[in-house]
Each structure stands twice: as C-alpha cells, then as structure tokens.
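Trainee: Below you'll find the structure I mean.
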Amino acid sequence: MLTALRYVIFAILVIAMAIVAARFLFALPPDEKEDGTHLSPSETGPLAEALTQRVARHEGKTGIAPLQNGADAFAARMIMADAAVSSIDAQYYIWHDDLTGILLLDALKRAADRGVRVRLLLDDNGTSGLDGEIAALDAHPMAEVRLYNPFNLRRFKLLSYGFDFFRLNRRMHNKSFTVDNRATILGGRNVGDEYFDTGPMPLYVDLDALAVGKVVPEVSRDFDRYWNSPSVHAAAPIVGAPPSGDPIADRLARFQDDPQIEEYREILRSSDIVADLARGELGLEWTDALLVSDDPAKGQGAVPKDDLLAVRLMQAVGDVKSRFDGISPYFVPGAAGVKAFAGLERDGVEVRLLTNSLEATDVLPVHAGYSKRRKAMLKEGIALYELRRQAAPGAPRDVMGPFGSSGASLHAKTFAVDGQRIFIGSFNFDPRSTSLNTEMGLLIDSENLAGSVHRAFDNGLGGLAWQVERRDGDLIWTDPENPDAAPLTDEPGGSLLRNAAITVIGWLPVEWLL
C-alpha cells in the first residue's frame, strides 16, 4: 500500500514538473500592445448621410432592426464594411477560414486600403487555419488584429490545454461589428458559412440586431475595454510574420470556381442596407436598449458575482409578471436554473423554453447537461421544446418569430418577457456563459419583437420543434401542430451509443464546464 502511494505521489510530481516546464518552454511572448480608443462618429460618408438626421430626430433612443435572415445578416456586414469611411471595430468568437470568412476579411482589407482604421478582435479558439491571413491583415498600416486568450502552440493548439487549461478554458464569446461609430450589429452569429443561411452545409438558426443611435457609442466604449484588457494580446508576436504575397487574395481566389460564391454575389446585388437606412425603408424601431456586457477581466479568473452579465441582466429585467419565453441552443440550467425557473412558475409566470433536440445538437455533452434536468423542469410545469433537425412536412419557413426558420441546429440566444422586452445577444443559459466565457447583448424595450417570440410559442413553433412532455413518468416527444399524431417514446436522434454517452456524461462532475 505504501509503495503504491509513493508511485502515485511520484507520478503527480512528474506531471506537475512537466506542466511547469511546458508553461516555461511555451510561454506567450511579452505583450507590448498600446491602449487604443474608438473614433468619434464619422461626419461624412454613406452611414453619416443616412443616419445623422434620423438619429437627431430620436435623441436618446436606439434604432433596432432584427436580422433574422442569415443572408441579410451577411449582406449587412459586407455592405456596411464597404460603406465605412473612418473605422471598423469587429469582435468575434469564431471567424472561419471558409468563403464568408474570407469574403469578410477581404472587405476589411479593402476598407483599410481606403484609409479606414480597422480593429479586429478575435477569440483565438475560433481562428483555426487563419494565422497567415491574420498576420497579413495585421501588417497593414491601417489595420490591427488582437487575440483574446491566445493559445501557446499554433500547430497543435489543443495541446496547450494540457499545461494552460484554466486560462484557455475562459473564452470571449462576444460578437459585434461596428462601422464608423454610426451603426453596429450584435447578436449570436459568428462569422462562417453555416451562420449565414446559404449553401449546402448545415445551417444555424440565429439572430442578430442592427442598432443605430444611442447604444452605438456604448458598444464602441465596450469594445475598447476588451481591446485594452490584459487577456488580449497583439496578434503579430503570436501568429508570426505575414507570408509573402497576399494570402487573403490568394485564399479568395481558390473560391472563384465555387458555385456558392455566385449565391453570395447575388445576395449583395439584391441588398443595400445603407440605402434602405437612408430611405427609411429598413423598418427601424426607435426605443430604449440597454447594452449588457461582461467585464473582460472574466478571461483571467473569477469576477465578483454582481459584475457577471447574467446577474446584471436579470437585475435589468426585474420582476417577471406573466410570461418568459427563452431560446438557448446550449441550455444547461443546472440545479440553480431549475430552481429559478420553477420559482417563476410558482409565482404564476408561464415559462417556455426552446433548445436543440438531440438530433439537432452539435455538442453532445451540452445535451447531456440539459437532458438530466428535463424531468425536474417538466415536473415544475416548465414547457420544453426541442428544435427538430428537419421541420415537419408542410411547415412554413418563416414561423419562428424573430429568430428565423428551421435549420439543422439552433444557435439564436434570445428571450422575451411579458410582451414588453427582448434580449438579443451571445448569452446561453449555461454555466459556461454565466461563469467562464465573456458575453454581451442588448435588452430591448419592444412589444413588437417580444410579441413575435411569444406568438411563435403560442403557435407551437409551427412544426419546427418537438414538445417534450411526461407521461406515466416517462418522456414523450409530441408535434404541437399535430396533436392527434402518436407521440415518440424514443428520443429523436438517439441511438444505443449516443444514449449511453449522454448517461455517462451526466454522471460526471463536468456540468460547470458546459
């Protein structure tokens, strides 16, 4: 017994020494970035011409237009980037090296070529395959790229978790795209083909909001907080020197024979969000909107509970009186979340929640964290819906209110309260969003947008989701649009192997990571 204990202690010491050595050998380079600040709103250019008088007529208010269609969300970013005359500040969790990712990088480079100051802040977890393009953009005299909690290793990035786990486990999940300090796009979409609703690949059901007016300089100031935070590093020492030539143009050239590129060109030809703003045809709703954002210090460790976005957001929402309808793709309520939602139900609030079904989820462990709490939530009267991978036959495409239509996987993060307010942002109802990742979003006073979410739930989500119910202690999945159809008694998308994996993950003490 004593010998075995010695071996265990020796093994622990060896592992500890290896971790210390790895952290020394693969330490991040010294970060010598300079603090930066946003520019004042541009006084010239298409956005200024379109918005100056309209913003003045609605002093103290924010103009909101939901971007529920992925193609429109892509076009809005591209057209706004092409309209920029002074600055672009973009902040993203994931920026893929696919067609839309390269098109948007090219748009940023073209803006920099025109003399626009470009600042791009990326979470390094979502930059795979882009080191050369990042280095090239960062080398441009009018552009700068910074990385949040960068990985020590570049070729085998995930190995960095082995010796720097607690830092790298904290990520920047924020998404914003601000142009000329005149207009900004916030919401749940990352940059990548699957978020923009075109092409043959699986889609994400997502939601962004275009905002102008009062909240825009607040978003710019929040961007500065992150840009200058200790968790953010200049890209050049991390990704190395730029390769020769023009890697962004070279990468874009590889897509010229891709039939999908014509689809994107047609989207841009048929859309002009700047002109729509100027003509008053975009349908802006002028209202009050509150920006809620985590302190970027969250990337270095725990922050006081009262500083967490989740706490401040619930304080801003205040008392919920009658209805709470929430949409979260990665829904892991935990015991505390079940208790909180159950408390609302006991106070007479109708709580309805939509998340991904097992057949639609792209993160199996998250589904394990959710599914272990399903029966407890249903017992408390909480209504649960799960997005189907494919809509029911005959389901209309646009019936899910402001968060789009059915695709392969839900990605929108939003909730509506009492027919009065709606939140649009990056926050999931899970421990990772609450305690580990930084998040941001807008709490918007809007009977129109909140009502559209409520109506979508009232209508049973139009054949796009299963409703999960309890019958004789077991779970069943029903189609709210077809109550006479026999319910499913086996979980959609389940299999012997997947069900076993979900059970085992549910036993493990990993809920805080999900």
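Trainee: Can you pull out the residues in the stretch 161-174 that are closer than 30 Å to Val20 by Cβ, assigned to a loop (DSSP other than H, G, I, E, B) and open to solvent by less than 10 Å² (accessible area, probe 1.4 Å)?
Mentor: Answer for the stretch 161-174, where residues must be closer than 30 Å to Val20 by Cβ, assigned to a loop (DSSP other than H, G, I, E, B) and open to solvent by less than 10 Å² (accessible area, probe 1.4 Å): just Arg171.
Trainee: Quick one: which helices (runs of 4 or more DSSP H) sit completely within the stretch 5-124 and have at least 3 residues that are within 27 Å of Ile248 (Cβ to Cβ)?
Mentor: Where helices (runs of 4 or more DSSP H) fall fully within the stretch 5-124 and carry at least 3 residues being within 27 Å of Ile248 (Cβ to Cβ), they are 70-83, 99-113.
Trainee: So Gly394 ticks every box in (1) open to solvent by 40 Å² or more (accessible area, probe 1.4 Å); (2) at positive phi; (3) modelled with pLDDT of 90 or more but one. Which box is left unticked?
Mentor: Unmet condition: (3).
For (1) touching a residue at least 60 places away in the same chain (Cβ under 8 Å); (2) out of contact with any Gly (no Cβ under 8 Å at 6 or more places or on another chain); (3) of a type in the set (Asp, Glu), each residue gets a yes or a no:
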residue	(1), (2), (3)
Pro296	yes, yes, no
Ala310	yes, yes, no
Arg352	yes, no, no
Thr355	no, yes, no
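Trainee: Okay, moving on. For the stretch 274-291, give me the residue count where each residue is of a type in the set (D, E, K, R), at pLDDT 90 or above and part of a loop (DSSP other than H, G, I, E, B).
Mentor: Here is the first cut: in the stretch 274-291, the ones of a type in the set (D, E, K, R) are 276, 279, 281, 285, 288.
Then keep just the ones that are at pLDDT 90 or above; that gives 285, 288.
Still in the list and also part of a loop (DSSP other than H, G, I, E, B): 288.
Number satisfying all stated conditions: 1.
Trainee: Test Ser128 against the stated conditions and say whether it is open to solvent by 10 Å² or more (accessible area, probe 1.4 Å) and either in contact (Cβ under 8 Å) with a residue 24 or more places away in the chain or over 23 Å from Met80 (Cβ atoms) (or both).
Mentor: Values: open to solvent by 10 Å² or more (accessible area, probe 1.4 Å): yes; either in contact (Cβ under 8 Å) with a residue 24 or more places away in the chain or over 23 Å from Met80 (Cβ atoms) (or both): yes.
Yes: the conditions hold for Ser128.
Trainee: With respect to Gly299, determine if the residue is open to solvent by less than 10 Å² (accessible area, probe 1.4 Å) and modelled with pLDDT under 90.
Mentor: Values: open to solvent by less than 10 Å² (accessible area, probe 1.4 Å): yes; modelled with pLDDT under 90: yes.
Considered against the rule, which asks whether it is open to solvent by less than 10 Å² (accessible area, probe 1.4 Å) and modelled with pLDDT under 90, Gly299 comes out as yes.
Trainee: Moving to a separate point now. Of these, Phe26, Phe74, which one is open to solvent by 50 Å² or more (accessible area, probe 1.4 Å) and aromatic (Phe, Trp, Tyr)? Explain how you work it out, then say what you get.
Mentor: Working: Phe74 fails: open to solvent by 50 Å² or more (accessible area, probe 1.4 Å).
It is Phe26.
Trainee: Search the stretch 22-48 for residues that are among the charged types (D, E, K, R) and pair each with any residue that is at pLDDT 90 or above when their beta-carbon atoms are under 6 Å apart and the residues are at least 6 apart or on different chains.
Mentor: Asp31/His233; Lys33/Ala234; Asp35/Asn228
Trainee: How many residues are open to solvent by 10 Å² or more (accessible area, probe 1.4 Å) and closer than 27 Å to Asn190 by Cα when one looks only at the stretch 46-60? I'd like the intermediate steps shown before the answer.
Mentor: Here is the first cut: in the stretch 46-60, the residues open to solvent by 10 Å² or more (accessible area, probe 1.4 Å) are 46, 49, 52-60.
Filter once more, keeping what is closer than 27 Å to Asn190 by Cα: 46.
Qualifying residue count for the region: 1.
Trainee: Give the stretch 150-165 a look and list any residue that's touching a residue at least 40 places away in the same chain (Cβ under 8 Å) and over 21 Å from the mean Cα position of the chain (by Cα), or say none.
Mentor: Asn152, Leu153, Arg154, Ser160, Gly162, Phe163, Asp164
Trainee: Of the residues Val338, Val366, which is under 18 Å from Arg432 (Cα atoms), in contact with a Pro (Cβ under 9 Å, 6 or more places away or on another chain) and either surrounded by 14 or more Cβ atoms within 10 Å (Cβ to Cβ) or free of Cβ contacts under 8 Å to residues at least 24 places away in the same chain (or both)? Please lay out each step first, then the result.
Mentor: Numbers: Val338 fails: in contact with a Pro (Cβ under 9 Å, 6 or more places away or on another chain).
On inspection, the qualifying residue turns out to be Val366.
Trainee: A follow-up question, please. Which residue, of Leu387, Leu354, is over 24 Å from Leu290 (Cβ atoms) and out of contact with any Cys (no Cβ under 6 Å at 6 or more places or on another chain)? Step through it out loud before you land on a result.
Mentor: Numbers: Leu354 fails: over 24 Å from Leu290 (Cβ atoms).
Residue meeting the stated conditions: Leu387.
Trainee: OK, next. Of the residues that make up the stretch 469-480, is at least one without any contact (Cβ under 8 Å) to a residue 60 or more places away in the chain, open to solvent by 70 Å² or more (accessible area, probe 1.4 Å) and under 30 Å from Lys61 (Cβ atoms)?
Mentor: Looking for residues that are without any contact (Cβ under 8 Å) to a residue 60 or more places away in the chain, open to solvent by 70 Å² or more (accessible area, probe 1.4 Å) and under 30 Å from Lys61 (Cβ atoms), one finds none in the stretch 469-480, hence no.
Trainee: Then there is this: Return only the number of the condition from (1) surrounded by fewer than 23 Cβ atoms within 10 Å (Cβ to Cβ); (2) in contact with a His (Cβ under 8 Å, 6 or more places away or on another chain); (3) acidic (Asp, Glu) that Glu439 does not satisfy.
Mentor: (1)
The values are calculated or read from the model by the stated rules, or taken from the named source; none is laboratory data. Everything quoted here is computed from the prediction, not taken from an experiment. A quick note on method: Cβ atoms are made from the backbone with ideal geometry, for glycine too, and the neighbour counts reach across all protein chains shown. Just so you know, the surface numbers come from the protein's heavy atoms only, side chains and all, with ligands and any DNA or RNA stripped out. Shrake-Rupley method; radii C 1.70, N 1.55, O 1.52, S 1.80 Å.
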